[in-house]
Structures are given as C-alpha cells and as structure tokens.
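Everything on this sheet refers to the single structure shown next.
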Amino acid sequence: MKYLFFVNPAAGKGKAQKKIIMDIEEYFNKNGKDYDIIITEYPDHAEKVAREMAETGEELSMFACGGEGTGYEVINGIVGFDNVSYGIIPCGSANDFVRGFKNPKCFADIKAQVEGEAYPIDLIRANDRYCINSCSVGMDAVVARDMRSFKKLPFVSGSLAYNLAIVKTFLKKLGVRLKLKVDDTEFGQLDCLFAVIANGPFYGGGYMAAPKAVPFDRRLDFIKVDVISKLRILGLLSKYKSGTHEGLDCCTIRSCNEMYFEADKPLPVNLDGETIETDCMKFSLLKSGLKFIIPKGELAENETLATLLQNEKIKTVQ
C-alpha cells in the first residue's frame with residue numbers, strides 16, 4: 001500500500017498546509033511506510049496525477065489536503081479504479097463535507113487517517129463529472145461562484161465569503177426559470193430560488209441544506225426553494241443554515257435518485273463548490289462509487305453511522 005497526499009498550497013489561504021506536511025513527514029518517517037506528497041501547481045493538476053497513479057494498478061490511498069476544489073479534482077481522477085481509496089484531510093476554508101461527521105477534527109489526524117477503514121460511499125454523477133457532497137442551480141450556485149472572489153480577501157473565512165456573496169446576490173433580481181424533473185416527477189417550467197441535490201448535509205461554509213443526507217445510504221436528497229420575497233428570504237436563511245427549513249411552505253425536500261434541469265440560457269451550476277455554466281444537466285446517484293476512508297475513532301463516536309456501515313466494510317487500510 002502506498003499513500004499519496006495531494007496538497008493544495010492555496011487552499012484556505014495556505015494556513016494549514018505547512019503543519020499538515022510536517023505531520024505527514026513525521027508520521028511516515030517514524031513508521032517506514034511508502035508515501036509521497038504532491039504539491040498541486042495548477043488547475044486540474046491533482047486530477048491528472050491522481051488518474052496517472054490510479055492507472056498503474058497499485059494499491060493506493062489518496063488524500064486530498066485542501067478544500068472542496070482539491071477533493072473534486074482527486075475524485076474525478078480516480079472514479080472507476082478499485083485499487084484506490086480516497087480520504088480527506090481538510091485544509092480549506094469551508095470543509096463542508098467533513099462537517100457531517102461526529103468528530104471532524106480526526107480528519108486532520110494523520111495517524112487516524114492511515115489507521116482508518118475504507119467504506120463504499122455514494123457519489124453524484126453530474127453529466128460526466130463526479131461530486132461527493134452537493135450540486136445546485138440557482139441563487140446558491142451564483143453565490144458559490146461569487147464567493148471565490150471574496151475568499152481571496154484578507155481575513156475572510158469560507159463562511160464569511162459565502163455570506164458576503166449572499167449579500168451581493170441579494171441586491172440583484174432573484175430566482176431562475178427552468179424546467180425541472182426529479183426521478184419520475186415532472187415539475188415543468190417553474191421559477192425557483194434554487195434547487196439542490198445533496199449527498200451530504202452541509203455546503204456553503206456550514207449551511208445545512210440537507211439535514212437528513214447520509215453519503216452512505218444509497219440515496220440523494222433533493223431540496224427546492226420557491227421564489228419568495230426578499231423579506232422572507234432573510235428568515236429562510238437562518239433556518240436554512242441550522243437545517244430547520246423542512247416543512248416551510250416554500251421548501252420541497254425529498255429523497256431521490258436523480259435530478260434534471262434545462263433552461264433557456266446558461267446558468268451557474270455548483271459542483272462541490274466549483275462552478276460552471278450550462279443550460280442543462282443531469283445529476284444522478286452513483287451507488288458505492290468510491291472507497292472512502294473514515295479515520296480511526298470516528299465510528300466509535302458515531303453509532304448511527306457505525307450501524308449503517310457494519311455490513312458495508314471494504315477493507316482495513318494497513
């Protein structure tokens with residue numbers, strides 16, 4: 001088994017990477033395991049190297065040491081390779097996916113990660129791309145696009161960048177018109193604030209869009225918010241952040257296997273925090289699409305997840 005660590009020096013303003021690299025080197029120098037650290041140098045670098053390494057057929061554990069963007073690249077380089085397990089060591093400004101676990105801090109523990117176990121985790125297929133956390137179209141995709149500019153500002157965290165982007169978006173006309181289909185349900189042409197398909201509960205620097213989402217349960221969660229007045233949106237955002245928006249008359253929440261939208265013009269689409277523009281896209285569930293490393297100690301504190309996974313174990317990472 002070889003361990004590869006993809007370190008994005010720019011993620012989270014570069015605050016955590018130096019310590020992570022020191023921790024990796026200290027652990028592996030003491031334990032004599034085979035490892036390599038890849039410092040990413042340009043967009044899609046991690047995806048390119050991850051795919052090249054996966055194609056060798058060697059048993060590998062790959063860790064994305066950065067934010068959602070780094071993870072997105074690594075995942076899209078390794079989907080379909082059974083010889084690769086994937087883990088997250090959060091160094092970004094948001095780190096939303098790991099917020100869904102009981103003990104997110106253990107994801108930064110190199111020893112806990114190496115001694116962790118890999119389990120089959122679901123993914124979202126977005127046309128020909130793959131996401132582990134969430135995808136969306138509408139206001140929050142615009143926010144995801146704009147927050148990238150705010151994250152570059154000094155002293156601006158991921159959650160603050162998201163909130164600043166919300167304010168910017170809030171000052172414009174809100175809502176998108178699109179044709180929406182979820183599984184066999186045709187919503188037809190409609191105006192909505194945004195539509196989300198989620199594999200994990202959090203996104204956008206801590207907003208709990210899908211409070212019941214579990215990325216190991218072989219289903220996705222669909223969330224649609226209708227166009228409402230700006231005054232009502234202020235109240236909605238508070239509930240949306242805390243995950244208490246279920247039951248509001250403007251919100252539709254249900255489990256699903258796929259979502260499809262099309263629009264008259266290209267719209268911003270959020271793919272695990274990365275944004276593209278397109279006038280149509282299909283999002284679908286890829287069951288057990290990846291081997292995901294859960295750090296040692298997480299399941300000891302997360303009985304619900306441990307029970308769910310007790311019959312799903314792939315292997316112990318040695």
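Of note:
- A simple rule links phi to the HN-Hα coupling: the Karplus curve 6.51 cos²θ - 1.76 cosθ + 1.60 with θ = phi - 60°, which for region 264-280 gives 6, 8, x, 10, x, 10, 8, 10, 6, x, 7, 10, 10, 10, 7, 9, 6 Hz, with x for Gly and Pro.
- Unit charges at the beta carbon, dipole of the chain: most positive-side option, V176, I110, I88: V176
- Size of electric dipole in the chain: Cβ of Lys, Arg +1 and of Asp, Glu -1, about Cα centre, debye, nearest 20: 1100
- Accessible surface ranking that places the most exposed of D217, D272, D82, D264 first, with a 1.4 angstrom probe: D264, D82, D217, D272
- Interchain or long-range residues, amide H under 5 Å from G116's placed H: K296
- Listed residues C251, F63, A213: farthest to the positive end of the dipole of the chain (Cβ charges): C251
- Dipole axis of region 66-207 (+1 Lys, Arg; -1 Asp, Glu on Cβ), positive-most option in G138, C192, V156: V156
- Summing charges over neighbours of F81, with a neighbour being any other residue whose Cβ is under 9 Å away from its Cβ, gives -1 when K and R count +1 and D and E count -1.
- Solvent-accessible area of V269 with every protein chain in place, 1.4 Å probe, in Å² to the nearest 10: 0
- Taking all protein chains together, L180, L153 sort by accessible area into L153, L180, largest first [probe 1.4 Å].
- The long axis of helix 139-151 is offset from the longest Cα principal axis of the chain by roughly 50 degrees.
- Angle between the chain longest axis and helix 158-170 axis [Cα atoms, degrees, rounded to 10]: 20
- Relative contact order (%) - criterion: Cα under 8 Å, at least six apart; region: region 100-186: 18
- Summarising the label geometry, the points placed 7 Å from Cα in the beta-carbon direction at D279 and L190 lie 2.2 nm from one another.
- Degrees, to the nearest 10: 45-54 long Cα axis against longest axis of the chain: 50
- Taking a point 7 Å out from the Cα of K2 in the direction of its Cβ, the residues of region 27-49 whose backbone N falls within less than 14 Å of it are 33-38, 49.
- Cross-link table K48/K151; K18/K287; K102/K173; K230/K287; K105/K241, entries beyond 31 Å C-alpha to C-alpha: K18/K287; K102/K173; K230/K287
- Sum of side-chain charges, Y27 neighbourhood, beta-carbon under 12 Å (Lys, Arg +1; Asp, Glu -1): -2
- Relative contact order of region 55-104, taken over Cα pairs closer than 8 Å and 6 or more residues apart, is 43 percent.
- Globularity ratio of region 107-255, using Cα Rg and 2.2 N^0.38 Å: 1.12
The values are calculated or read from the model by the stated rules, or taken from the named source; none is laboratory data. Since this is a predicted model, take the numbers as computed values, not measurements. Cβ coordinates were reconstructed from backbone atoms using ideal geometry, including for glycine residues, and neighbour counts include every protein chain displayed. We work out accessible area using only protein heavy atoms, side chains counted, and drop any ligands, DNA or RNA first. Shrake-Rupley method; radii C 1.70, N 1.55, O 1.52, S 1.80 Å.
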